[in-house]
1. Checking D81 against (1) over 24 Å from L160 (Cα atoms); (2) without any contact (Cβ under 8 Å) to a residue 12 or more places away in the chain, which test does it fail?
2. Quick check on D70: is it in a helix (DSSP H, G or I), touching a helix residue (DSSP H, G or I) at 6+ places or on another chain (Cβ under 9 Å) and at pLDDT 95 or above?
3. Being at pLDDT 95 or above, closer than 27 Å to G156 by Cα, touching a Gly at 6+ places or on another chain (Cβ under 7 Å) and surrounded by 15 or more Cβ atoms within 10 Å (Cβ to Cβ): is that true of L25 here?
4. With A43, A15, A54, A11 as the choices, which residue is surrounded by 15 or more Cβ atoms within 10 Å (Cβ to Cβ) and assigned to a helix (DSSP H, G or I)?
5. Out of the helices (runs of 4 or more DSSP H) lying entirely within the stretch 95-165, which hold 3 or more residues that are within 15 Å of G17 (Cβ to Cβ)?
6. Could you please let me know if S83 is surrounded by fewer than 18 Cβ atoms within 10 Å (Cβ to Cβ) and at pLDDT 95 or above?
7. Cβ-Cβ under 7 Å, sequence separation 6+ or interchain: first residue in the stretch 150-168 and under 25 Å from H111 (Cβ atoms), partner of a type outside the set (A, V, I, L, M, F, W, C) and loosely packed, with under 13 Cβ neighbours inside 10 Å. Which pairs?
8. Looking at L173 and the list (1) among the aliphatic types (A, V, I, L, M); (2) buried (at least 17 other Cβ atoms within 10 Å of the Cβ); (3) touching a residue at least 60 places away in the same chain (Cβ under 8 Å), which single condition is not satisfied?
Amino acid sequence: MTPEGPPLVVAITGASGAPYAIGLLRTLLGLGRSVHLTISPSAVEVMRAEIGRAPSLDAFDPAHLLGDVDASRLVYHDHRDFSAGIASGSFLTGGMVVVPCSMSTLGSIAHGITTNLVTRAADVHLKERRKLILVPRETPLNLVHLENMAQVTRAGAVVLPASPAWYHRPKGLDDMVAFVVGRICDQLGVPNHLIPRWGEGEGA
């Protein structure tokens, strides 16, 4: 545990929305937080399609994902590594975010299916009653998706759809990503000033 608080867990899965994950990692590391990261194989394919680059899961290099961001506080875990600290409730964390969260991952979490480190770490956060934030990016939603969202909510997770707002008058994609990242940070209790808040007015 660091003076800034316990480490946070971030998992990236194979839904559209890789820029949200990268934006969150850059923000948390920039704020001096320690982050434990795991990535599903399907997330790599989505990142390659959406941002034109993707990390190697077998020889992970944070620069391939985050550029020149100081990644000294980033700890990477292979999605198959159940010996990782985040697979156990005895490893203290300040919360976990699955961003973006695929419907397959959400369904597995909803039903306690832990076939990889992403779903195992999420299950740990539920059983330990720690903050678990799932950031789906899917549309339209079928009844199975909605029922799984209700199930994880009853279990204690927060479902935070990647739905940018417009009241802060975004000037481009970076502003839209910042809105979602800011809302995730709010849920984690991480102070941030990524966007003007409702009632603060323009330029706040």
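1. Of (1) over 24 Å from L160 (Cα atoms); (2) without any contact (Cβ under 8 Å) to a residue 12 or more places away in the chain, only one is false for D81: (2).
2. It is false that D70 is in a helix (DSSP H, G or I), touching a helix residue (DSSP H, G or I) at 6+ places or on another chain (Cβ under 9 Å) and at pLDDT 95 or above.
3. In short, no.
4. The match here is A43.
5. Once the helices (runs of 4 or more DSSP H) in the stretch 95-165 are filtered for at least 3 residues that are within 15 Å of G17 (Cβ to Cβ), what remains is 103-110.
6. Judged against the criteria, S83 is a match.
7. If the second residue must be of a type outside the set (A, V, I, L, M, F, W, C) and loosely packed, with under 13 Cβ neighbours inside 10 Å, the pairs left are G156/R129.
8. (2)
The values are calculated or read from the model by the stated rules, or taken from the named source; none is laboratory data. Quantities reported herein were computed from a predicted structural model and do not represent experimental measurements. In this analysis, Cβ positions are derived from the backbone assuming ideal geometry, glycine residues included, and neighbour counts consider all displayed protein chains.
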